[in-house]
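I have placed the structure first, in the form of structure tokens, so that the comments after it can refer back to it.
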Amino acid sequence: GINAEWPLRREAVVSTQSGHYGRGALVMMVVLCGVTANNSYLTTYEGREARLVCSWSALGDRDLISGVQWFKGAKRLRSTNRIKFERSGLNFTLVIKEARAGDSARYRCAPKTVGKVDRVQDGAVVLTVREPQVPKPPATRNVSLYSGSYGVLRCNFSAAVQAYNLRMFWSRNGNRLQPAGDGMLKVNNKYNTRLKAFNEDGVDVLNITRVQSGIDGKYACVYKYPSGKSFSMNFNVSVIVPKTRDLVRNLTWSETNSQGSLLCNLTAINREIVKFHWEKDGKELKKKKVPTATLR
């Protein structure tokens, strides 16, 4: 198995009139409205959900405001698949799902008051939607598989899919691997090799079984932003064909030491270990000793 872990950027800066800052995948801006209608500022990233809140909680009586009209510039906003309106007491929220660069603007919330209510002003939020910085791809991993055995490719960037609303897919030689039902992917109609993609404990996994010599190539797990930009983790997969009478086995060996519980995936031909790697919590360990497993 191959592990590749990248740092996940989880930045979302919220700037309010009082100068506080926060971070998170859901971004909220609360404007405390009163005598003066000052601008507040919100910065988020494409693909995230932005929540802009105007609050007149100081009035005390929720019946004094019957509703709010939201404007983007001079245009009044209406409810759509991406734009929703919420109310809780005297707090009124504009929800923008899957924020885009074109959503960057000054938003105004205009209250509809009931009776004679003095000193109620509009609220305003200046929203900036930035494009996430595309990570620099790591070096391509070289992966050798033995014909008749299996292999595992792992990409530890699954958390970004939800945080930035990314689309993830696997490809081979630049072509997207198409689904074949039950989580399986098609590698080529003339091969019996089975590819299954799934998520395991936050890791995107491609499981390759019934390896054949014709399925080698350049594999990649591709992550695509709403803007169309993408990044990928790449694997050069080669297939080694053993001699006819050789017995190829894939085994899992585990041990516990001062580092905790370790897992070793190894490939053996006859009684000789020809390939192995150690893992801890889904991450590959480097320079680990040869496993002490006895092969029979």
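The values are calculated or read from the model by the stated rules, or taken from the named source; none is laboratory data. Quick caveat, the model's predicted, so the values are computed rather than measured. A quick note on method: Cβ atoms are made from the backbone with ideal geometry, for glycine too, and the neighbour counts reach across all protein chains shown. These area figures cover heavy atoms from the full protein model, side chains too; ligands, DNA and RNA do not enter into them. Shrake-Rupley method; radii C 1.70, N 1.55, O 1.52, S 1.80 Å.
Mark the label point 7 Å from the Cα of Ser104 along Cα→Cβ and return the residues of region 198-241 whose backbone N is within less than 20 Å of it. The answer is 225-230, whose backbone nitrogens lie closer than 20 Å to the label point. Distance between the pseudo-spin-label points of Ala159 and Ser230 (7 Å out from Cα toward the beta carbon): 2.4 nm.
Taking only protein heavy atoms and a 1.4 Å probe, what accessible area per residue, in Å², does region 107-189 have with all protein chains in place? Please report the intermediate quantities before stating the final value.
Numbers: 4500 Å² over 83 residues.
Per residue, region 107-189 has 54 Å² of solvent-accessible surface.
Coupling constants for region 158-164 follow from the phi torsions by the Karplus curve (6.51 cos²θ - 1.76 cosθ + 1.60, θ = phi - 60°), and in residue order they are 4, 4, 5, 4, 6, 5, 10 Hz; glycine and proline get x.
Expressed as a whole percent, the accessible surface of region 119-196 that belongs to carbon and sulfur atoms is 40, based on a 1.4 Å probe.
A simple spin-label model places the labels of Asn81 and Lys196 3.3 nm from each other, with each point 7 Å out along Cα-to-Cβ. Inter-label distance, Val126 to Thr209: 5.8 nm, where each label sits 7 Å from its Cα along the C-beta direction. Stretched out straight at 0.36 nm per residue, the stretch from Lys112 to Ala74 would grow longer than its current Cα-Cα span by 12.0 nm. Each part reduced to its alpha carbon centroid, region 138-200 and region 57-84 end up 45 Å apart.
Expressed in nm², what is the orientationally averaged projection area of the convex hull enclosing the Cα positions of region 120-228? Don't skip to the answer; put the middle values down first.
Details: hull surface 40.9 nm².
Projected area, direction-averaged: 10.2 nm².
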